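Here's the structure we're looking at; comments come further down.
The values are calculated or read from the model by the stated rules, or taken from the named source; none is laboratory data. Note that the structure is predicted; figures quoted are calculated from it, not measured. As a convention, Cβ positions derive from the backbone with ideal geometry for all residues, glycine included, and neighbour counts pool all protein chains shown.
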Amino acid sequence: MGWPNYIKDETLKPYFTRRNELSVEQGCILWGIRVIIPPAHREQLLHDLHQGHPGGSKMKNLARSYLWWPQLDKDIEHAVQQCNACQSVRKLPEPAPLHCWQWPTRVWQRIHIDFAEKEQHNFLVLVDSHSKWLEVIQMKTTTAAKTIEVLRNIFSSYGLPEEIVSDNGPQFTSQEYKAFLQNNGIKQTLVPAYHPASNGAAERAVQTVKASLQKQVLDEKKQNITITMQHRLANVLFSYRCTPHSVTGCTPAELFLKRQIRTRFSLLKPDLAKVVDGKQQKQKYYHDRPASTLRHLSEGDSVLIRNFRGGRERWTEGIVEKRLGPVTYWVWNGVNRRSVHIDHLLYKRPSSPETMEFQEQQTGVQDNYPAVVGPDVGGKGTPGAVGGSPYSPEATPLPQTQAKDMPVTPLPVSAAADKAVTPANSAARSTEVLERRYPRRERAPPKRLNL
């Protein structure tokens with residue numbers, strides 16, 4: 001009689017699947033070399049296998065060398081889990097997946113605080129979660145009252161945050177501290193005890209501060225100098241705040257203060273403001289250099305007037321009659337009178353005082369008396385002109401013998417003009433003055449703005 005072709009009983013199926021591997025020896029049913037243990041003795045054998053509190057893997061390896069029953073591995077695992085001694089010395093489980101704090105969108109929205117101790121000095125470390133701005137305050141005592149006092153001074157500078165994250169230290173769990181936060185509308189968040197990674201921002205800041213202070217101490221010993229703890233803290237904070245952070249990619253000062261703080265490295269960059277200012281100063285220098293002092297002209301001064309009406313002559317002669325304003329003058333140019341800006345006038349130094357006086361008298365004579373001319377004698381100029389009109393380019397001089405025989409009409413001259421005449425220019429004064437072909441046209445002076 002053998003095994004049936006099919007078994008419905010679930011408890012017998014493990015044996016049915018191994019029916020070809022089972023054997024009987026001395027009244028014991030074997031599966032290979034392993035003895036199949038009946039249910040009545042299984043609990044005792046599990047206790048014997050766990051003698052010395054081996055782990056589940058070692059118990060399975062030992063059992064596979066001697067015995068077997070259905071679901072033996074599950075029974076071994078259950079026995080180990082029910083052992084209090086084994087459970088009390090278990091290792092920590094695998095760390096949970098990292099869960100990051102949500103990055104605040106505003107400055108000073110959430111801050112993380114913690115205490116640090118270095119060389120018997122206590123420090124309150126505070127970091128802004130948005131900008132990574134770091135504040136480190138040296139404290140003599142770390143009581144709740146002193147902590148509140150320090151936080152109040154910081155809040156007076158930067159305002160009240162929305163949330164403060166800290167560990168479960170006695171200062172942060174005291175009723176006085178909780179009342180201070182509640183009265184200022186600040187949310188308090190306590191991380192799980194003995195899990196510093198939950199307050200990772202503050203813990204990382206504490207490590208940074210301690211390492212930086214230790215480096216400064218070693219550097220002081222190397223240079224044989226000594227500085228105060230406040231000096232060291234200032235160096236640490238200044239270097240930290242102006243260095244780009246690995247998370248944000250920006251400096252804490254740029255995000256917290258909305259600007260880059262000035263450092264010694266700022267001198268390496270070109271300053272656009274200084275360049276523009278230098279260019280402007282250079283423009284002002286070249287613009288003001290010709291007119292560093294305002295020129296003044298007096299009445300009766302001989303000047304050269306800038307000619308803007310075409311022609312070969314760039315400057316024409318004239319005489320200043322009066323001053324109209326600080327930079328404008330009323331000038332006679334021999335034809336008409338007009339106002340001229342000082343920028344268009346050049347002072348003309350006369351050759352001698354007598355020449356200047358003669359020019360003034362000559363101008364007065366031509367204005368007060370009409371020209372008297374003799375008959376036209378063989379000239380190509382205006383009829384009645386001697387030797388042609390001096391204003392005509394076709395005028396030709398008369399021979400010397402013919403000029404001597406011509407009658408000359410004297411020109412009335414004032415007493416002042418007679419005194420100004422010298423022997424050198426008497427021949428020019430004796431020359432006949434030509435009569436104008438058309439009457440002189442008097443031009444009314446234009447109405448100009450007196451500056």
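Any residue at all in segment 76-92 that's acidic (Asp, Glu), in the same structural domain as Tyr194 (by the TED database) and in contact with a helix residue (DSSP H, G or I) (Cβ under 7 Å, 6 or more places away or on another chain)? The answer is no, given that none of the residues of segment 76-92 is acidic (Asp, Glu), in the same structural domain as Tyr194 (by the TED database) and in contact with a helix residue (DSSP H, G or I) (Cβ under 7 Å, 6 or more places away or on another chain).
Residue pairs whose Cβ atoms lie under 7 Å apart, sitting 6 or more positions apart in sequence or on different chains, and linking a residue in segment 215-243 that is more than 19 Å from Arg264 (Cβ to Cβ) to a partner that is exposed (fewer than 13 other Cβ atoms within 10 Å of the Cβ) and hydroxyl-bearing (Ser, Thr, Tyr), are Glu220/Thr226.
Cβ-Cβ contacts under 6 Å between residues 6 or more apart (or on different chains), taken from a first residue in segment 295-312 that is crowded, with 16+ Cβ neighbours inside 10 Å to a second residue that is assigned to a loop (DSSP other than H, G, I, E, B), are listed as Ser302/Lys348; Ser302/Pro350; Val303/Lys348; Leu304/Lys348; Ile305/Asn333. Residue count for segment 116-146 satisfying the condition of being buried (at least 19 other Cβ atoms within 10 Å of the Cβ), touching a strand residue (DSSP E or B) at 6+ places or on another chain (Cβ under 6 Å) and not in a strand (DSSP E or B): 1.
Going through Phe155, Phe172 one at a time, which residue ends up being in a helix (DSSP H, G or I), among the aromatic types (Phe, Trp, Tyr) and within 34 Å of the chain's Cα centre (by Cα)? Full working, then the answer.
Working: Phe172 fails: within 34 Å of the chain's Cα centre (by Cα).
Testing whether each residue is in a helix (DSSP H, G or I), among the aromatic types (Phe, Trp, Tyr) and within 34 Å of the chain's Cα centre (by Cα) leaves just Phe155.
Counting just the residues of segment 225-263 that are hydroxyl-bearing (Ser, Thr, Tyr) and assigned to a helix (DSSP H, G or I), which one comes out surrounded by the fewest Cβ atoms within 10 Å (Cβ to Cβ)? Top of the filtered list is Ser239. The residue that is nearest to Ala144 (Cα to Cα), among those in segment 175-195 that are of a type in the set (Gly, Ala, Ser) and modelled with pLDDT of 95 or more, is Ala179.
So is Lys91 of a type in the set (D, E, K, R) and either at pLDDT 90 or above or under 30 Å from Pro14 (Cβ atoms) (or both) or not? Against the criterion (of a type in the set (D, E, K, R) and either at pLDDT 90 or above or under 30 Å from Pro14 (Cβ atoms) (or both)), Lys91 does not qualify.
Residue-level check: of (1) surrounded by 11 or more Cβ atoms within 10 Å (Cβ to Cβ); (2) under 27 Å from Gln120 (Cα atoms); (3) at pLDDT 95 or above, Glu220 misses just (3).
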